[in-house]
Amino acid sequence: MKKYGLMFGFITAVFLIQINVFPSIDMIHISPNLLIIVIAGYGLSKGHKEGLIAGIYCGILMDSVYGNILGYYVLPYMYIGYICGYFRKYLYDDNYITPALLCGASDLAMGIYIFVFSFALRNRLNIGFYLWHIMLPEVIYTVIISLILFRVQIIVNKKIDIWVKKRGRRIVKKSME
């Protein structure tokens with residue numbers, strides 16, 4: 001249970017950085033989607049279940065701040081976390097390409113989702129403009145940031161796993177005494 005509490009704490013910290021710090025670092029009015037990086041990271045490093053849980057929690061956070069409808073962000077983030085769990089077997093310590101490609105593909109899928117459900121259904125069909133000026137710059141920016149943030153997340157996850165294992169051993173020792 002502590003592991004999930006620490007996971008939620010890490011996600012909340014990244015979410016606060018995304019909504020407070022990156023909008024003030026304005027690069028052509030685009031900011032990276034740090035939550036996609038975190039969701040893909042949990043899916044890649046921990047598997048389907050943790051990716052799914054991270055996606056649900058990130059979606060709830062986004063819906064609470066930006067969403068008009070509860071579940072607008074939960075559904076795609078949940079699927080992204082679950083699907084990224086399939087690529088866990090391709091993750092190695094020195095592999096930078098798999099996480100970056102998954103973060104880019106996930107951000108592109110999220111951009112298409114937002115275009116379809118926010119613009120196309122309201123008959124705003126200029127996908128070329130949206131793709132060229134919003135989606136692709138955000139994907140590139142997210143991929144660049146993912147190379148840094150994913151490594152930080154791996155280090156934090158390893159420290160949490162070590163802490164949980166040590167804590168579990170202490171509890172077992174106390175119960176055996």
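The values are calculated or read from the model by the stated rules, or taken from the named source; none is laboratory data. Since this is a predicted model, take the numbers as computed values, not measurements. In this analysis, Cβ positions are derived from the backbone assuming ideal geometry, glycine residues included, and neighbour counts consider all displayed protein chains. Just the protein is used for accessible areas: all its heavy atoms, side chains included, with ligands, DNA and RNA removed. Shrake-Rupley method; radii C 1.70, N 1.55, O 1.52, S 1.80 Å.
Summary table below
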{"quantity": "Cα long-axis angle, helix 97-114 against the chain (0 to 90 degrees, to the nearest 10)", "calculated": "50"}
{"quantity": "Dipole-positive endmost among L61, F129, V139 within the chain (Cβ charges, Cα centre)", "calculated": "L61"}
{"quantity": "Mean residue ellipticity (222 nm) of the chain, computed from DSSP H runs ≥ 4 via -39,500 (n - 2.57), nearest 500", "calculated": "-23500 deg cm²/dmol"}
{"quantity": "The chain: relative contact order in percent, alpha carbon pairs under 8 Å with at least 6 residues between", "calculated": "24"}
{"quantity": "Förster radius 45 Å - calculated FRET efficiency between I28 and H48, Cβ distance, rounded to 0.05", "calculated": "0.80"}
{"quantity": "The chain: most fluctuating residue of V156, V139, V38 per GNM, C-alpha cutoff 10 Å", "calculated": "V156"}
{"quantity": "Within the range 21-48, backbone nitrogen closer than 16 Å to the virtual label 7 Å beyond the Cα of K165 toward Cβ", "calculated": "46"}
{"quantity": "Entries in K3/K49; K3/K89; K46/K165; K46/K158 that, when Cα-Cα distance is taken, lie over 20 Å", "calculated": "K3/K89"}
{"quantity": "Gyration tensor (alpha-carbon) shape descriptor, the chain, a/c threshold 1.5", "calculated": "prolate"}
{"quantity": "Principal-axis tilt of helix 34-46 within the chain, Cα atoms, nearest 10 degrees", "calculated": "40"}
{"quantity": "Cα lying deepest toward the dipole's positive end in the chain, options G5, M110, I36, charges on Cβ", "calculated": "G5"}
{"quantity": "Sites K158 and F119 - FRET efficiency at Förster radius 45 Å, r taken between beta-carbons, to 0.05", "calculated": "0.65"}
{"quantity": "Theoretical gain in end-to-end length, F87 to K3 [0.36 nm per residue, Cα-Cα removed]", "calculated": "28.0 nm"}
{"quantity": "Average accessible surface area per residue within the chain, 1.4 Å rolling probe, Å²", "calculated": "59"}
